[in-house]
Amino acid sequence: MTTENIDSSNPLPLYFQVYQSLLERIQRGEFPPGSFLPPERRLTEDYGVSRITIIKALDELAREQYIKRQQGRGTIVTDPTERTSTEEVQKQRRSIAFICHVLDHPYLFQILMGIARTAARQQYNLQVISSYDTGNEEVRHIKEAIARNVDGIIIFPHQGYHNESLYRELQQQHFPLVMVDRYYPQIDTDCVIFDDEIAGYELAKQLLQRGRRRIAVISYFEVEATSVNHRLSGYRRALQQWGLPYHDDLIWLDVYPSFHRSDELSQDTSARERLRKYVARYKPDALLTLNDDVLERVIYDLLILRDTSLSVSAAEQKPTRPSLNWMGEIATFSHKPPAPYTPYHTLSAIHSGEMLGAEATRLVIARINHTLGEERQVIKVPMNVVTSETLGSTRTAELSVLPESV
């Protein structure tokens, strides 16, 4: 066997190519039932890959019962009568569920991709369930997933936070459950979150270093989320270190009380008018928006308020309404890098939803396999602070330890 059988340009992993090659050799009779496969060292030389790659390929063959290892003897090819069909192997695989109230948001789709890829690598089936923005549906879907015998659940909790009793019950039953992005602070469930407090501190600190002193915070409707609370805590800590007061009139939680999709923004004139009044009254020199959706909404509204010719409603075209030419900077928390050219945006705390999903999957599988102690696991994923002027350079707020038990 030569390395010509392994194609380094093939997008399939090397271990899978080795697995396919060995399986073909077994099926065509080169290694008949009862015979031994070559030793791992020989296979490493034949295929020109690492020993770890060979072991992963053999693990796959063993999982499908084409081979079995005998201590001190080697790897034996099994008889076809000993093998379980592929369909039966699928049935034996464990499964996890991901439950989320919406799945069409890019950030939540990133989390799903992290979960799906990690589950596949760990040989777990994945059920994906959306509760369609309804808290009651979340309870029903959790109970149905458990009834379908899933081994663990990853949950992006509904913003209503009305299901505490169910989560307490699952915790008492020691059911493997991991909350992702946000959690119920009154329940000691496992969770995987971003290090929101440090990122909030870092963004506010950099704005302060740039001479900004009146930094207004704009949230969306999910003001009860733990991620919002932690980001505000970081912002407040930065102000305290600079000897600046924490002004309630610079915490704007009611500008955007409901979510609007991009094709609905033009009609929401009341929120735009609230923003205009707040900016004119409190005169911030910087804005800290708490997620991508708020950022896009704020920039959209500020551009309309700055240039009255862009007004999209008759009410906004009244000649008595003055334009608002705000000239400050904006920092935000984002699942994507900032655009290189934007009229306001300066700083972003970049967070990877895929990384969050992957960590949550590893944690719930560890719970399923009983490889962790009884203590609660809180995994904090760091963010990178990136400026729109210099996208090539990043500052990383990697100040937490993974995982952190509390």
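The values are calculated or read from the model by the stated rules, or taken from the named source; none is laboratory data. From a predicted model like this one, the values you see are computed outputs, not experimental measurements. Reconstructed Cβ throughout: ideal geometry from the backbone, glycine too, with neighbour counts over all protein chains shown. We work out accessible area using only protein heavy atoms, side chains counted, and drop any ligands, DNA or RNA first. Shrake-Rupley method; radii C 1.70, N 1.55, O 1.52, S 1.80 Å.
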How about region 104-123: which of its residues are modelled with pLDDT of 95 or more, surrounded by fewer than 21 Cβ atoms within 10 Å (Cβ to Cβ) and in contact with a Lys or Arg (Cβ under 8 Å, 6 or more places away or on another chain)?
none
Could you tell me whether Pro157 is out of contact with any Pro (no Cβ under 9 Å at 6 or more places or on another chain), touching a residue at least 24 places away in the same chain (Cβ under 8 Å) and more than 30 Å from Tyr344 (Cα to Cα)?
yes
In the set Glu144, Glu169, which member is surrounded by fewer than 21 Cβ atoms within 10 Å (Cβ to Cβ), over 18 Å from the mean Cα position of the chain (by Cα) and more than 20 Å from Leu103 (Cβ to Cβ)?
Glu169
State yes or no: is Pro284 open to solvent by less than 60 Å² (accessible area, probe 1.4 Å), modelled with pLDDT of 95 or more and not acidic (Asp, Glu)?
yes
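Out of the residues in region 20-33 that are under 37 Å from the mean Cα position of the chain (by Cα) and open to solvent by 20 Å² or more (accessible area, probe 1.4 Å), which is nearest to Ile6 (Cα to Cα)?
Looking at the filtered set, the residue picked out is Gln20.
Only residues that are β-branched (Val, Ile, Thr), out of contact with any helix residue (DSSP H, G or I) (no Cβ under 7 Å at 6 or more places or on another chain) and within 26 Å of Val294 (Cβ to Cβ): list them for region 349-387, please.
Ile350, Val378, Val386, Thr387
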Between residues in region 233-256 that are open to solvent by 60 Å² or more (accessible area, probe 1.4 Å) and residues that are part of a loop (DSSP other than H, G, I, E, B) and not acidic (Asp, Glu), which pairs lie under 6 Å by C-beta distance while being six or more apart or on different chains?
Arg236/Tyr246; Leu253/Ser219; Leu253/Val223
Filter region 34-46 for residues that are touching a strand residue (DSSP E or B) at 6+ places or on another chain (Cβ under 9 Å) and either open to solvent by 70 Å² or more (accessible area, probe 1.4 Å) or of a type in the set (D, E, K, R) (or both) and give the result.
Phe36, Pro39, Glu40
Would you mind telling me which numbered condition in (1) at pLDDT 90 or above; (2) under 30 Å from Tyr183 (Cα atoms) Lys68 fails?
(2)
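One line per residue, one yes/no per condition, for (1) under 18 Å from Phe16 (Cα atoms); (2) of a type in the set (A, V, I, L, M, F, W, C); (3) open to solvent by less than 50 Å² (accessible area, probe 1.4 Å):
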position: Val49; (1), (2), (3): yes, yes, yes
position: Lys56; (1), (2), (3): yes, no, no
position: Arg69; (1), (2), (3): no, no, no
position: Arg73; (1), (2), (3): no, no, no
position: Thr81; (1), (2), (3): no, no, no
Checking Glu222 against (1) modelled with pLDDT under 95; (2) in contact with a strand residue (DSSP E or B) (Cβ under 6 Å, 6 or more places away or on another chain); (3) charged (D, E, K, R): exactly one of these is not met. Which one?
(2)
Filter result (modelled with pLDDT of 80 or more and under 28 Å from Asn149 (Cβ atoms)) within region 71-103:
Arg94, Ser95, Ile96, Ala97, Phe98, Ile99, Cys100, His101, Val102, Leu103
Quick check: anything in region 200-219 within 19 Å of Asn384 (Cα to Cα) and not in a helix (DSSP H, G or I)?
yes
Got a number for residues in region 342-367 being over 25 Å from Asp195 (Cα atoms) and either under 26 Å from the mean Cα position of the chain (by Cα) or modelled with pLDDT of 95 or more (or both)?
1
Got a sec? Which helices (runs of 4 or more DSSP H) wholly within region 93-187 have at least 3 residues that are more than 27 Å from Val228 (Cβ to Cβ) and among the aromatic types (Phe, Trp, Tyr)?
none
I'd like to know if region 257-272 contains one or more residues that are in contact with a strand residue (DSSP E or B) (Cβ under 9 Å, 6 or more places away or on another chain) and open to solvent by less than 40 Å² (accessible area, probe 1.4 Å).
no
